[in-house]
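Chemist: Would you mind keeping the following structure in view while I ask a few things?
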Amino acid sequence: MPRPRERYGRHAYVRQQERLAHLLGLDEETVRKYLRAGMPGADARGWYCVPRCFEWVVVELGDGRLPGTRDPVIVELTRERLRKQKLENDAREGNLATLDELKAWWEAHVARRIRESVIHLDRRFGPDAGDVIRRALREANEEMHADDPREG
């Protein structure tokens, strides 16, 4: 299981309860009350994990305005917001690759080496020896392009 900073990114952490309250849309007294009620507190170094606190508020208290509710729709919306926040954090930190970068990496590091190996198979065992691998590579390439929303 990844450590919290790896899971959420460094931009999801704050040191001050005032900043945590602002990000959660609450006042400081409410944050202190929620901390006493079981909301995740600061880690050993004094950092609060905003997504964990937000998730606690939503799961334990509904949406923060409906104490005691555990509406599954609200819980699912919270999970989606947390996923979106993690993606935004990863993008800001440069931890995500674009589809074009992934395709370029695939071509440079995987597909090229496979093609070279197929050529070697053809030379060693005859012109049809690499057909199965060539077909699989072509299908993988087609699937990758089929999943690209920019291509019809």
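Every number here is computed from the coordinates shown, using simple stated rules; none is lab data. Please read all numbers here as calculations on a predicted model, not as lab measurements. Methodologically, a virtual Cβ is constructed for each residue, glycine included, from the backbone with ideal geometry; neighbour enumeration extends over all protein chains shown.
Chemist: Just want the ordering: LEU26, LEU20, from fewest to most Cβ atoms lying within 10 Å of their own Cβ.
Modeler: Numbers: LEU26 18, LEU20 24.
The order, fewest Cβ neighbours first, is LEU26, LEU20.
Chemist: If I take R0 = 41 Å and measure r between the Cβ atoms of GLU142 and LEU23 in this structure, what FRET efficiency does the formula 1/(1 + (r/R0)^6) give, to the nearest 0.05?
Modeler: 0.40
Chemist: Moving on to the next point. So, in nm, how far is label GLU88 from label ALA37 when the simple model puts each one 7 Å beyond its Cα toward the Cβ?
Modeler: Calculated label separation equals 2.5 nm.
Chemist: Determine which lysines satisfy two conditions relative to LYS103: a Cα distance under 26 Å, and not lying fewer than 8 residues away in the same chain.
Modeler: Once the sequence-local lysines are set aside, what remains near LYS103 is LYS84, LYS86.
Chemist: Please give the contour-minus-distance gain from TRP47 to GLU80: 0.36 nm per residue of separation, less the Cα-Cα distance, rounded to one decimal in nm. Could you put the intermediate results ahead of the total?
Modeler: On the way: separation 33, 0.36 × 33 = 11.88 nm, distance 2.32 nm.
So the extension gain works out to 9.6 nm.
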